[in-house]
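Engineer: Handing you a structure now.
The values are calculated or read from the model by the stated rules, or taken from the named source; none is laboratory data. Owing to the predicted nature of the structure, the values given are computational and were not obtained by experimental measurement. Note that each Cβ is placed from the backbone with ideal geometry, even for glycine, and that neighbours are counted across all protein chains shown. With ligands, DNA and RNA removed, areas are computed over all heavy atoms of the protein, side chains included. Shrake-Rupley method; radii C 1.70, N 1.55, O 1.52, S 1.80 Å.
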Amino acid sequence: MQQRVFAKRDAQHLLVKAPPASGKSRALMFVGLDKLYNQGRRKVIVAVPERSIGASFASTKLTEHGFFADWEVKPEHNLCDPGSSQGKVGAFIDFLNGPDAILVCTHATLRFAFEKLSPDAFDGTVLAIDEFHHVSADTEASRLGALLRDIMNGSDVHIVAMTGSYFRGDSVPVLSAEDEAKFTPVTFNYYDQLNGYQYLHSLGIGHHFYQGRYTDAIGEVFDLDRKTIIHIPNVNSGESTKDKIEEVGFIIDSIGLVEDTDPDTGIISIRRSDTGAILRVADLVDDTDQKKRADTLHYLATVASKDRDAVDVIIALGMAKEGFDWPFAEHALTVAYRASLTEVIQIIGRVTRDSPGKEHAQFTNLIAEPDASQGEVKVSVNNMLKAITASLLMEQVLAQNFTFKTKHPGEGGSPPPGVITIKGFKEPSSDRVKQIVETDLNDLKATILQDDTFAKAAAGSVDPETTNKVLIPKIIRERYPDLNESQVEELRQQVVVDSVIKNGEVREVGDKRFIKMSEKFVNIDDININLIDSVNPFQRAFEVMSKSVTPSVLRIISDAITATRIEFTDEEAFALFPKIQQWAKVNGRKPDVRSEDHTEKRYAEALLYLQRRKQQHLAAQRATETDEES
């Protein structure tokens with residue numbers, strides 16, 4: 001990853017998308033020093049979201065490993081030490097006017113300092129923004145986003161933007177399409193990361209559904225033999241008991257009996273009820289004693305990050321996510337759906353650091369099953385769908401990358417490894433579409449999967465071809481308004497093909513490869529774009545649910561989706577019309593809106609919609625004719 005970034009070091013605006021724990025801070029040091037020594041830049045400013053993350057950019061002896069210079073941050077220019085962000089504005093301005101080259105501060109300090117400065121004060125600087133997903137294209141919601149645009153437009157600043165999760169939970173893009181086009185992207189995904197590790201070689205993404213209270217179910221997925229971070233639900237969520245201290249008590253009781261609590265570190269020693277061994281637990285939920293929690297955090301940062309035996313379990317609520325470093329963590333156990341996909345990615349990132357003895361890491365989402373006797377069925381179903389689709393996205397990111405090519409008539413022979421040829425496939429024809437495919441495909445999938453309409457479609461409530469040819473293109477147009485219709489179609493095919501192939505089970509029989517699509521195996525050499533378009537690209541969402549819950553719960557989910565029926569658009573209804581005609585021809589009648597068959601019911605609803613639209617069109621036409629006659 002650092003080699004890829006350094007190869008692009010001459011770019012004025014560099015966007016690095018790489019998972020947590022992949023070495024982005026060291027990559028920034030290499031690029032920043034090159035810009036200081038070889039590209040005429042005078043200063044490097046590193047902005048991080050929290051003071052604790054500033055430690056990742058502390059002084060580092062790079063020459064010991066063969067680099068041409070060391071990364072040196074003088075103590076007075078480490079503005080991530082205690083004190084208010086506003087109070088450090090003077091030191092920030094003094095740095096800009098002084099002789100020293102490197103400063104580290106928080107996003108907040110950068111914002112407050114900018115209020116006292118004009119954009120041209122950043123001439124000659126390199127501005128590095130860590131955890132770049134905190135920026136937003138919504139200038140009303142993100143002062144950091146507005147600041148960035150002002151500096152880009154009002155100075156010759158060089159920017160290095162870094163993020164471990166380029167997905168915003170609020171569905172607002174990090175940058176506008178126009179601004180993002182100014183950046184040179186470097187992408188390094190989880191698949192790349194795991195292949196480069198010495199110890200950790202696999203990452204599992206799983207769900208566990210429960211009924212009743214989560215504190216009664218957590219023992220079913222809490223493996224006491226693995227280093228675990230447990231994130232309990234937000235107190236405002238439906239899964240919370242509203243007493244976070246008591247919830248921690250239940251988790252501790254599921255382990256065993258408390259022996260003692262270290263007065264200096266706050267670490268709780270618990271004797272396991274099954275084996276009698278001692279487990280060391282850090283409680284970051286209880287905030288009634290701020291000094292005690294500060295002591296625990298200090299112990300985790302200074303001792304537990306280096307000593308595998310220092311702690312076994314961390315229980316947290318809002319902490320131990322972004323930038324938190326516990327390399328020995330093997331299992332992230334998260335209770336309840338997280339509304340932000342960014343938060344999910346950050347939590348997963350806590351267990352993906354390479355560490356001796358850690359061959360596998362696991363993320364488990366403990367999710368409440370919808371209960372028909374409760375009033376929050378709609379919310380519960382929505383959370384369940386979003387949790388599953390978020391995990392599907394992670395499975396997509398972890399899957400092997402393929403290159404897709406058009407299969408021309410008469411073309412024979414096997415393609416090179418990693419290349420799949422498809423009849424009728426449209427390859428990217430422009431640099432813009434190629435760039436999106438190479439660096440932005442997973443981000444686009446995230447946007448698609450976070451769309452409320454698509455989440456229901458992924459659960460099987462919408463015809464696959466409508467999903468592929470109506471919903472996905474609509475989302476692509478909204479995300480990339482600069483693309484023409486031909487480019488939208490090229491990108492649509494890339495998303496659908498990539499998703500279907502990565503979700504499909506591949507088997508080798510002799511010298512042939514078969515992929516499972518729509519419950520049947522197809523020779524990979526024979527696949528075509530029409531066949532792929534007939535498959536829901538995220539059909540595993542429904543498969544996950546159907547295999548994980550009882551038929552009665554599955555019925556509740558189906559009823560809840562039907563109750564919040566996806567409204568038709570003209571485009572969707574017109575796309576279904578040929579199928580409605582074919583259905584009527586085969587069955588000898590029109591589809592019935594009261595049918596128990598989901599597909600027939602959907603066709604009938606589309607037909608009614610088209611009839612209403614025809615009536616509206618004729619009425620408008622008659623009104624126009626009347627106006628012309630008068």
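Engineer: Please compute the modelled spin-label separation between residue 220 and residue 195, points set 7 Å along Cα→Cβ, answer in nm with one decimal.
Structural biologist: Distance between label points: 3.7 nm.
Engineer: Take the Cα pairs of segment 33-79, get the Kirkwood Rh, then feed it into Stokes-Einstein at 10 °C and 1.306 mPa s and tell me D in µm²/s.
Structural biologist: So the translational diffusion coefficient is about 133 µm²/s.
Engineer: Could you check how much of the accessible area of the chain is carbon and sulfur, as a whole percent, using a 1.4 Å probe?
Structural biologist: Ligands and nucleic acids excluded, carbon and sulfur reach 48 percent.
Engineer: With the dipole of the chain worked out from charges on the C-beta (+1 for Lys and Arg, -1 for Asp and Glu) around the Cα centre, which of 333, 303, 240 lies farthest toward the positive end?
Structural biologist: Result: 333, furthest along the dipole toward the positive end.
Engineer: Using the charge dipole of the chain (Lys, Arg: +1 at Cβ; Asp, Glu: -1 at Cβ; taken about the Cα centre), state which of 491, 429, 415 has its Cα farthest towards the positive end.
Structural biologist: Result: 415, furthest along the dipole toward the positive end.
Engineer: Averaged across orientations, what area in nm² does the convex hull of the alpha carbons in segment 218-348 project?
Structural biologist: With every direction weighted equally, the projected area is 7.7 nm².
Engineer: Then there is this: Through the Karplus equation 6.51 cos²θ - 1.76 cosθ + 1.60, θ set to phi - 60°, convert the phi angles of segment 307-313 into ³J(HN,Hα) values in whole Hz; use x for Gly and Pro.
Structural biologist: With coefficients 6.51, -1.76 and 1.60, one gets 10, 4, 8, 5, 7, 10, 9 Hz.
Engineer: What net charge is computed for the residues neighbouring residue 178, neighbours being all others with C-beta under 14 Å from the C-beta of residue 178, Lys and Arg scored +1, Asp and Glu -1?
Structural biologist: Net of charged neighbours comes to +1.
Engineer: Can you give the convex hull volume of the alpha carbon atoms of segment 1-85 per residue, in Å³?
Structural biologist: 117 Å³
Engineer: Also, I was wondering about something else. To check my understanding: the extent here is largest minus smallest coordinate of the Cα atoms along each principal axis. What are those three numbers for the chain, in Å, largest first?
Structural biologist: 80, 67, 63
Engineer: Give me the dipole magnitude in Debye, nearest 20, for segment 53-157 about the Cα centre, with unit charges on the beta carbon: positive for Lys and Arg, negative for Asp and Glu.
Structural biologist: That gives segment 53-157 a dipole magnitude of about 180 debye.
Engineer: Next question, about the same structure. Please compute the per residue accessible area over segment 1-80 with all protein chains in place, 1.4 Å probe, rounded to a whole number of Å².
Structural biologist: 45 Å²
Engineer: Enter the angle in degrees (range 0 to 90, nearest 10) between the Cα long axis of helix 570-587 and the first principal axis of the Cα atoms of the chain, meaning the one along which they spread out most.
Structural biologist: Orientation of helix 570-587: about 50 degrees from the principal axis.
Engineer: If you place +1 on the Cβ of every Lys and Arg and -1 on the Cβ of every Asp and Glu, how big does the dipole about the Cα centre of the chain come out, in debye to the nearest 20?
Structural biologist: 1120 debye
Engineer: How high is the FRET efficiency between residue 608 and residue 429 when r is their beta carbon distance and R₀ equals 51 Å, given to the nearest 0.05?
Structural biologist: 0.80
Engineer: Mind checking segment 278-336 for chymotrypsin sites (Phe, Trp or Tyr not before Pro) that DSSP puts in a loop (not H, G, I, E or B) and that have at most 10 other Cβ atoms within 10 Å?
Structural biologist: none
Engineer: OK, next. Among 75, 53, 91, which residue has its Cα furthest toward the positive end of the charge dipole of the chain, with +1 on Lys/Arg Cβ and -1 on Asp/Glu Cβ?
Structural biologist: After comparing all options, I get 53.
Engineer: Taking the Cα atoms only, what angle lies between the long axis of helix 551-563 and the longest principal axis of the chain, rounded to 10 degrees?
Structural biologist: Its long axis makes an angle of about 80 degrees.
Engineer: Here is a follow-up. If R₀ is 25 angstrom, what is the calculated FRET efficiency for the pair residue 59 and residue 6, using the beta carbon separation as r and rounding to 0.05?
Structural biologist: Calculated value: 0.80.
Engineer: Further question: Please determine, in degrees from 0 to 90 and to the nearest 10, the orientation of helix 377-398 with respect to the longest principal axis defined by the Cα atoms of the chain, where the helix direction is its Cα long axis.
Structural biologist: 70 degrees
Engineer: For a bin width of 5 Å, list the pair-distance distribution of segment 199-270 built from all Cα-Cα distances, rounded to whole %.
Structural biologist: 3, 12, 20, 24, 17, 13, 8, 3
Engineer: Okay, next question. Rg (Å, one decimal) plus Dmax (Å, integer) for the alpha carbons of segment 28-141?
Structural biologist: 14.0, 46
Engineer: Give me the percent of Cα-Cα pairs in segment 344-453 that sit more than 19 Å apart, rounded to a whole number.
Structural biologist: Result: 66 percent of Cα pairs exceed 19 Å.
Engineer: Mind giving me the FRET efficiency for residue 241 and residue 484? R0 is 56 Å, r the Cβ-Cβ distance, nearest 0.05 is fine.
Structural biologist: The formula returns an efficiency of 0.60 here.
Engineer: Scale the Cα Rg of segment 574-624 by the rule-of-thumb value 2.2 N^0.38 Å and send over the ratio, two decimals.
Structural biologist: 1.31
Engineer: Taking 7 Å along the Cα-to-C-beta vector as the label spot, tell me the residue 273-residue 402 distance in nanometres, rounded to one decimal.
Structural biologist: For residue 273 paired with residue 402, the spin-label model returns 4.8 nm.
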